[in-house]
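Working notes, structure below.
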Ligand code: MOS
């Protein structure tokens, strides 16, 4: 474990072998679907004339709300389910958002379906739509009134603590709409094999999709099979059940042949959610010695009128430092938009941005170095819950990053560093992500010849979890990783965790350890932690192979959580629980250079130091951290979906105008993995890292921009015009 072995699927990837869901073969000749989507954001369909569309050669089916076969309702995330929205596919004439699917056209070719879509004549009665914060018709609700999960925090008297502070910062920060834009589009291929529905769909939770599809279509879950062997990028956008799954399944049943349905790049912007725009109002204070006093944080998240989606997250920022008093409130604001969903560090990216930006502003107000300021306010317990951290290496990360970066050479005065016409600024921030875990199973088969197989319906969303599964088993079994076969992403396999909340490595490796323990019992291995003894027992087996199914669940759960997993249920635990606080930490330091005349913003140098328990594979971990830091640079300087306030439509719904960092935007990124041992969290002491590194980066960059220019920009992303 920990070795930088190369990816399990490396050869397949670099040779272009077909390994993604849409590449899987289907029986017979597939038909191709196209979703026709609403061109208004709010109102009603008054008529659909499909005569011209039906006349296009090759068109087989046009499904609208007028002829859609029945579907059962599905619960959304807020209701404990997996549906992206409470509005069912082709439910009726009501329009809830721009881009809502209003018809499915299926034809012998993609081109015919597309041509017919242009000939479908739809008329609407449109109403005035609300696009975002501040637009007429936006309705605000306190989340505490609708979801007890997001109870406000009232820990001591924050207002009094702030009133008695030597220094305070009061500021509002804003984060924009962001879209995941995975390279692999949102596709579903559906066919019926007798009474069994087979779905090829890139997905972050195949057991969840299996049960949801069965419920929606009114069939036995045993008669649904979902295949998603590899996922070409998800970042949260392939966790929910979207409209296209049921539409493809219904069409395939009606036509008696496989149906392939894909949301185009622009449809992807309204098909499967986004990171919702937020407003973050923070008041933070400290005493004359730089010790934190009161912390007030109000968050507003924008969501759909139909579905009160929210992320919350302030209970996690409230755990970060030794605050004396904390007061938080969460609000949602609703308008005529598609429903948001999880996006890489859903709650942490906006809320930690606000906290860390305020920490930097307060450090400057108090005249204390921002690294020293954070160390002075370190805590060993979650100050609100009063429970201890199982491990917390933020100070070690700050020290490691500072040394590598050369932080001690920073002149604290803004506009004090330059190189010719380039203003130089240095900034820092803390990164964190809660250690979240979910129950998992894993089937282990060993063979006398010295090979093994691990089978579990976990998901590789590009992170390397096939590779890590071989490593977790290899070290116990005494079998080389290259002799271990892994099968994942198929709902016929025993269930694994959702590939969300960065739970996979911690949960899956724990189940593999349990399977190894059971195998040791089965084979009568004397010293089960000695790989040589294990390998000898396998070689000396009295039968050609042996099979066990391991299962694991996080502390605080019981066997019923595994049963829930078999029902497609998502039970996640972690962060601050009843008796402990479990988080991974990092420290990020950045240099920005801003051209004095053009105000062009460059990021020539980033150092990130991270401590996240045991690292299973330093090569794949490095890639996760690297991707996260680049994602963080994108959040600070590039990414934003623009909205047309009048029509409540996304404007830059393509990857030409939705900016993400390109190679020319990224220069030197230096990643340090700070060793950390945590024996309390799970079998191998693993914390999730996929959503760690992009947290904090924007606050480090905005502080560096302030340090370079003296200008505080609080709305992301920072643009040239903010610095004029
Ligand atoms: Mo990840 S945003 O938790 O799928």
**Request:** Quickly run through region 363-379 and pick out the residues that are crowded, with 24+ Cβ neighbours inside 10 Å and within 15 Å of residue 285 (Cβ to Cβ).
**Result:** 363
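Yes or no: residue 308 at pLDDT below 95 and either within 16 Å of the ligand (Cβ to nearest atom) or surrounded by fewer than 24 Cβ atoms within 10 Å (Cβ to Cβ) (or both)?
On the way: at pLDDT below 95: yes; either within 16 Å of the ligand (Cβ to nearest atom) or surrounded by fewer than 24 Cβ atoms within 10 Å (Cβ to Cβ) (or both): yes.
Answer is yes for this residue.
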**Message:** Which numbered condition in (1) in contact with a helix residue (DSSP H, G or I) (Cβ under 7 Å, 6 or more places away or on another chain); (2) in a loop (DSSP other than H, G, I, E, B); (3) more than 30 Å from residue 42 (Cα to Cα) is the only one that residue 579 fails?
**Reply:** (1)
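Here are some residues: 126, 107, 138. Which one is surrounded by 21 or more Cβ atoms within 10 Å (Cβ to Cβ) and either touching a helix residue (DSSP H, G or I) at 6+ places or on another chain (Cβ under 7 Å) or touching a residue at least 12 places away in the same chain (Cβ under 8 Å) (or both)? It would help to see each step written out before you state the result.
Values: 126 fails: surrounded by 21 or more Cβ atoms within 10 Å (Cβ to Cβ); 138 fails: surrounded by 21 or more Cβ atoms within 10 Å (Cβ to Cβ).
107 is the lone residue from the list that is surrounded by 21 or more Cβ atoms within 10 Å (Cβ to Cβ) and either touching a helix residue (DSSP H, G or I) at 6+ places or on another chain (Cβ under 7 Å) or touching a residue at least 12 places away in the same chain (Cβ under 8 Å) (or both).
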**Asked** Going by the conditions given, is residue 505 in contact with a strand residue (DSSP E or B) (Cβ under 7 Å, 6 or more places away or on another chain), over 30 Å from residue 347 (Cβ atoms) and in a helix (DSSP H, G or I)?
**Response** no
**Asked** If a residue has to be in a helix (DSSP H, G or I) and either touching a residue at least 24 places away in the same chain (Cβ under 8 Å) or more than 23 Å from residue 685 (Cα to Cα) (or both) to count, how many in region 373-398 make the cut?
**Response** 8
**Item:** Counted residues, region 298-331 - those being within 24 Å of residue 573 (Cα to Cα), over 19 Å from the mean Cα position of the chain (by Cα) and in a strand (DSSP E or B)
**Value:** 7
**Message:** Condition check: assigned to a helix (DSSP H, G or I), buried (at least 16 other Cβ atoms within 10 Å of the Cβ) and more than 16 Å from the ligand (Cβ to nearest atom). Does residue 636 satisfy that?
**Reply:** yes
**Message:** Just to verify a result, which residue in region 431-458, among those that are touching a helix residue (DSSP H, G or I) at 6+ places or on another chain (Cβ under 7 Å) and part of a loop (DSSP other than H, G, I, E, B), is nearest to the ligand (Cβ to nearest atom)?
**Reply:** 438
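Name the residue, out of 695, 718, 713, 677, that is within 16 Å of the ligand (Cβ to nearest atom) and in a loop (DSSP other than H, G, I, E, B). Don't jump to the end; show me each part of the working.
Numbers: 718 fails: within 16 Å of the ligand (Cβ to nearest atom); 713 fails: within 16 Å of the ligand (Cβ to nearest atom); 677 fails: within 16 Å of the ligand (Cβ to nearest atom).
When all the criteria are applied, what remains is 695.
Rundown of residues vs (1) crowded, with 24+ Cβ neighbours inside 10 Å; (2) touching a strand residue (DSSP E or B) at 6+ places or on another chain (Cβ under 7 Å), yes/no style:
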| position | (1), (2) |
| --- | --- |
| 632 | yes, no |
| 651 | no, yes |
| 658 | no, no |
| 685 | no, yes |
| 695 | yes, yes |
| 701 | yes, yes |
| 709 | no, yes |
| 717 | no, no |
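Within region 147-188, how many residues turn out to be on the phi > 0 side of the Ramachandran plot and buried (at least 20 other Cβ atoms within 10 Å of the Cβ)? Give the steps one after another, and end with the answer.
Initial filter on region 147-188 (on the phi > 0 side of the Ramachandran plot): 156, 181.
Cutting the leftovers down to buried (at least 20 other Cβ atoms within 10 Å of the Cβ) gives us 181.
Residues flagged as on the phi > 0 side of the Ramachandran plot and buried (at least 20 other Cβ atoms within 10 Å of the Cβ) within region 147-188 amount to 1.
The values are calculated or read from the model by the stated rules, or taken from the named source; none is laboratory data. Predicted model, so just to flag it, every value in this text is computed and none were measured. When we count neighbours, we look across all protein chains shown, and the Cβ atoms used for this are built from the backbone with ideal geometry, even at glycine.
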